[in-house]
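Structure record follows, encoded as structure tokens.
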Amino acid sequence: MLASLGAAARLAGAGWRLARADALLPRELRPLYPPPLHQLSRLAGLLAGPAARRGRPGERLARCLEGMGPVAIKLGQLLSTRADIFGAEFAQDLARLKDRLEPFPTETALKEIAASLGRPADALFTEFGPPVAAASLAQAHPARLKDGRRVAVKVLRPGIERQVEADARVMGLAAGLAERFAPDAKRLEPRTLAASVIDSVRRELDLRLEAAGADELGAIMARDGYMSAPAVVWEGVGRRVLTLEWAKGTPLSDPASLEAEGVDRPALATALMRAFLAQALDHGVFHADLHEGNLFVSAPDRIEAVDFGIVGRLGPEQRRYLAEILWGFLQRDYERVARVHFEAGYVPARHAVGDFAQALRAVGEPIFGRTARDVSMSRVLLQLFEITGQFDMHLRPELVLLQKTMMTAEGVARSIWPDLDIWTAADPVVRRWMTRELSPAARLNRLGEQAGRVLSRLSALADPPPPPALPRRGPGSAVILAGGALVAALAALVLAASAL
């Protein structure tokens, strides 16, 4: 009861802060509101303060969320992927959310390290410097190991778990109210979105999981060569502490990184896009936070990624759908792209495939053969998101991180090299996947694996263990075994015919 009252009080406080900044029901959008919301927006405008006059609605909301803690920041980052609901400009403003706070004392970090690792910091490090970056969940310190290696040590903020749980209750309450009193918000699926945000933040509170993600993605990146990851120093890993080797290169957030001698900007932008696609398509595991602050670059086109708190995963079916959609666009086969959307269940069956293909053609044709400099990407995105609204495409929880990361990676790649052709960059990775996974040989191999699984299950059903209570078998058991064998044989024939 007390927790619920506390969540209600915190939600009211957040509402007051948003109203003061005119970020709750912004005045600029009043012409679009239905009559009740129009009147409510005018009433909320009476509470607006000086912050309401600074910036666009999305910028004002981003500033409010930055001051509300990690869960609110994560929410804003996910909302930035829903331009279909909020518009392209609003979503782009939210995408610029920064997760930067004042650092906590180095002495506190040393105590956290000792408590998490079970030994003092000087047992592992010969040097330990002041923080070089501080976010809402953790901060990073430079240090040096006893063997001389330079490392980065990430330490969680003291008491951050309690803050996250309190924020989670507020977000759950807000999501329930939105579903009940704002019917137009149902496409956003507030409860699903809130659960996704909360789950993502909770995973980031165990740095052992981030260490595992860094180790897994480091091995995956080494296979493709488009990107790399610093090695994990496992003796410096605990629930609240993570130690990685120091990243090579200059942070991409530093403008000087792209002006360094020998840096090949077109190759660097291409490598970034191919790294993301190779991770997602070939391995089903991808770094899901590829913004400039998490990428280090060095000449000519080397990229090293850090911060593996968010790792995205795709199952085999989602990877197939993604590859076929990208391949269809590359081949300008809009009917194929449309059919894949229907097969995956992304578009409800009540719509017509031909109508959706026509809408996709209207988006795809204007961008082929043109560079990003010649194309208004915000307009293209807005058209695409308008189409998803027209065809009732709802939030897909398993694709939220993919969509967010794809938009982030594309935006960063264009900032590196504005003339980059995203489709040309994607072509070899998608083509390789299609050749390997959708060739006739690959299809027959999968069919054989499925046949083996079916026969194994049928065999288990046809040959159950004998019941212990019966001392002798009657003729009925032979009939059961013969029938089971017949079913298995028929299944094998059907599968063989399908393969042929």
Inset, instruction - Quick one, can you get me the convex hull of the C-alpha atoms of the range 39-141 expressed as volume per residue in Å³? - result: 145
Legend entry - Residues residue 368 and residue 132, FRET efficiency given R0 of 35 Å [Cβ-Cβ distance, rounded to 0.05]: 0.20
Legend entry - Overall Cα dimensions of the range 1-63 - principal axes, largest extent first, Å: 40, 27, 18
Inset, instruction - For residue 21, list long-range residues whose amide hydrogen, built 1.01 Å from N in the peptide plane, is under 5 Å from its own amide hydrogen. - result: 49
Legend entry - For the range 302-314, Karplus couplings with θ = phi - 60° (6.51, -1.76, 1.60), whole Hz, Gly/Pro x: 8, 10, 10, 9, 10, 6, 9, x, 10, 10, x, 9, 10
Inset, instruction - Would you kindly derive the ³J(HN,Hα) couplings of the range 13-29 from the backbone phi angles with the Karplus curve 6.51 cos²θ - 1.76 cosθ + 1.60 (θ = phi - 60°), listing them in order in whole Hz, with x for Gly and Pro? - result: x, 5, x, 4, 5, 5, 5, 4, 8, 6, 10, 7, 10, x, 4, 5, 9
Legend entry - Farthest positive-ward along the range 185-273 dipole, Cα basis, beta-carbon charges - from 201, 213, 257: 201
Legend entry - Projected label distance in nm at residue 332 and residue 419, using a 7 Å step from Cα toward the beta-carbon: 2.3
Inset, instruction - Would you pull out the residues with amide H under 5 Å of residue 314's amide H, same chain only if 5 or more places away, H placed 1.01 Å from N? - result: 285
Inset, instruction - Determine the dipole magnitude for the range 101-167: charges of +1 sit on the beta-carbon of Lys and Arg, -1 on that of Asp and Glu, nothing else is charged, the reference point is the Cα centre, and the result goes in debye to the nearest 20. - result: 320
Inset, instruction - Sort out for me the Cα centre separation of the range 33-49 from the range 117-159, rounded to whole Å. - result: 48
Inset, instruction - At 0.36 nm per residue, minus the direct Cα-Cα distance, what do residue 246 and residue 195 gain on full extension? Give it in nm, one decimal, please. - result: 15.0 nm
Legend entry - Estimated inter-spin distance, residue 106 and residue 219, nm [label 7 Å along Cα→Cβ]: 3.6
Legend entry - Calculated from backbone phi, Karplus (6.51, -1.76, 1.60) coupling profile of the range 138-143 in Hz, x at Gly/Pro: 7, 9, 10, 10, x, 8
Inset, instruction - Mind listing the long-range amide H neighbours of residue 246? Cut-off is under 5 Å, sequence gap 5 or more, other chains count too, H placed in the peptide plane at 1.01 Å from N. - result: 150, 151, 152
Legend entry - Solvent-accessible surface (1.4 angstrom probe) belonging to residue 254, in square angstrom, nearest 10: 60
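Taking R0 as 25 Å, what FRET efficiency do you get between residue 96 and residue 166 from their Cβ-Cβ distance, rounded to the nearest 0.05? Don't skip to the end; give the middle numbers.
Numbers: r = 26 Å, r/R0 = 1.05.
Efficiency for this residue pair is about 0.45.
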Inset, instruction - Can you tell me the FRET efficiency between residue 47 and residue 173 if r is taken as the Cβ-Cβ distance and R0 is 22 Å, rounded to the nearest 0.05? - result: 0.55
Legend entry - Contact order normalised by residue count of the range 191-326, Cα under 8 Å, 6+ apart, percent: 28
Legend entry - Total charge dipole magnitude, the range 188-250, about the Cα centre, Cβ charges on Lys, Arg, Asp, Glu only, Debye to nearest 20: 140
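Scaled to the compact-protein estimate 2.2 N^0.38 Å, what is the alpha-carbon radius of gyration of the range 125-240, rounded to two decimal places? Numbers along the way, then the final one.
On the way: Rg = 18.8 Å, N = 116, 2.2 N^0.38 = 13.4 Å.
That works out to 1.40 for the range 125-240.
Kirkwood Rh, Cα Rg: Rg to Rh for the range 184-334? Present the calculation step by step, with values, prior to reporting the outcome.
Details: Rg = 17.3 Å, Rh = 17.1 Å.
So for the range 184-334, dividing Rg by the Kirkwood Rh gives 1.01.
Taking all protein chains together and a probe of 1.4 Å, list 154, 74, 111 from the most accessible to the least accessible.
Details: 154 45, 74 25, 111 150 Å².
So, going from the largest accessible area down, we get 111, 154, 74.
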Legend entry - Full-extension gain in nm, residue 181 to residue 29, via 0.36 nm per residue minus C-alpha separation: 52.8 nm
Legend entry - Of the GluC sites (Glu not before Pro) in the range 257-302, those whose Cβ has at most 15 other Cβ within 10 Å and which sit in DSSP loop: 259, 261
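The values are calculated or read from the model by the stated rules, or taken from the named source; none is laboratory data. Predicted model only: the values in this text are computed from it and were never measured. In this analysis, Cβ positions are derived from the backbone assuming ideal geometry, glycine residues included, and neighbour counts consider all displayed protein chains. Keep in mind that these areas ignore ligands, DNA and RNA; they rest on the heavy atoms of the full protein, side chains included. Shrake-Rupley method; radii C 1.70, N 1.55, O 1.52, S 1.80 Å.
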